[in-house]
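**Q** Quick one: this structure, given as structure tokens, is what I'll be asking you about.
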Amino acid sequence: MERIDWAGTGWEELAARVGRVRLPGWDCTTGLVVGDGAALLIDTGSSLREGARLRADVRRLLGGDARVTHIALTHPHFDHVLGTAVFSGAEVYGAVGMDALFAHPGARDELCADAVRQGVDPAAAAEAAELLVTPHHRVCGEWTLDLGGGVQVLLANIGPAHSGHDLVVCVPGTRETVFCGDLVEESGEPQAGPDAAPRHWPAALDRLLALGGPDAAYVPGHGSVVNAGFLRAQRAELAARFGVS
Ligand SMILES: [Zn+2]
């Protein structure tokens, strides 16, 4: 497989055939893992316009008529899911329960309202919520996704914690890369909204550390890539904040 040239694209190379970009506005991470004839996008941005930008980025990075074939949604918050509809034909994965949540009209309205509260243009939020893609595949426990060319990633359902449906993506390599969603935040304090399960959160980070191991690169939903030591410290802070051990 050919090397991907990430230089000058605004994307950060994390490992061979693994990268991510920090989107403007909420500093939300979108990840990309490239196999042979397949490309997995992790989260899709806060609007259809942002999704379209990501789609164009992938084309530019991979060349030709390359397209996103798989999408993993780390959790059902607006800044991670509202761009999904622009990736027609992609197989979408989410933690079990996210499909039922998105099938519910009230949940779409809430997602739209949350996006508007956070500063998304109301018309853009309404359009994206209207076209919201319900995950096609429900991940219970763990799911290995084969992207071809020897690239296999592990999707793991380790919520509820930051949200009701938290999915993480582990990419083996010389150094393991773990996309954590908002279970880990580096650029601000971890956000616990009304759908969080704070008492489960420290245990979810234990699980994350067990999946990635001591040497992995952990990619937060928001902020710079961190190491296992950062996760252990964030776990201790969350345990103290929520009064659990
Ligand atoms: Zn979130």
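**Q** Please work out whether region 86-245 counts as rounded, prolate or oblate from its C-alpha gyration tensor, where a ≥ b ≥ c are the square roots of the eigenvalues and a/c under 1.5 means rounded, while otherwise a/b larger than b/c means prolate and anything else oblate?
**A** Taking the square roots of the gyration eigenvalues as a ≥ b ≥ c, region 86-245 is oblate.
**Q** Counting each pair of different Cα atoms once, what's the Kirkwood radius of region 59-179 in Å, rounded to one decimal?
**A** Across region 59-179, the inverse of the average 1/r is 15.4 Å.
**Q** Quick one: Karplus J couplings for region 100-111, per residue in order, coefficients 6.51, -1.76, 1.60, θ = phi - 60°, nearest Hz, x for Gly and Pro?
**A** 5, 4, 6, 6, 8, x, x, 5, 5, 4, 5, 4
**Q** Would you mind pulling out the separation of the Cα centroids of region 12-45 and region 155-220, in Å?
**A** Measuring centre to centre over Cα atoms gives 16 Å.
**Q** Further question on the same structure: Charges only on Cβ, +1 for Lys and Arg, -1 for Asp and Glu: so what's the dipole of the chain about the Cα centre, in debye to the nearest 20?
**A** That gives a dipole near 220 debye.
**Q** In addition: What length, rounded to one decimal in nm, is gained on full extension from Asn227 through to Asp215, with 0.36 nm per residue of separation minus their alpha-carbon distance?
**A** Full-extension gain reported as 3.6 nm.
**Q** Mind listing P(r) for region 196-238? All alpha-carbon pairs, 5 Å bins, whole percents.
**A** Here the calculated profile for region 196-238 is 5, 23, 32, 29, 10, 1.
**Q** Now for a different question. Quick check on the exposure proxy: order His75, His162, His104 from fewest to most C-beta atoms within 10 angstrom.
**A** The most exposed by this proxy come first: His104, His75, His162.
**Q** Let me ask something additional. If contacts are Cα pairs under 8 angstrom and at least 6 residues apart, what is the relative contact order of region 146-245 in percent?
**A** Computed over region 146-245, the figure is 27 percent.
**Q** Can I ask one more? Over the chain, what is the relative contact order in percent, taking alpha-carbon pairs closer than 8 angstrom and at least six residues apart?
**A** Value for the chain: 16 percent.
None of the figures in this text is laboratory data; all of them are computed from the coordinates on show. Owing to the predicted nature of the structure, the values given are computational and were not obtained by experimental measurement. In this analysis, Cβ positions are derived from the backbone assuming ideal geometry, glycine residues included, and neighbour counts consider all displayed protein chains.
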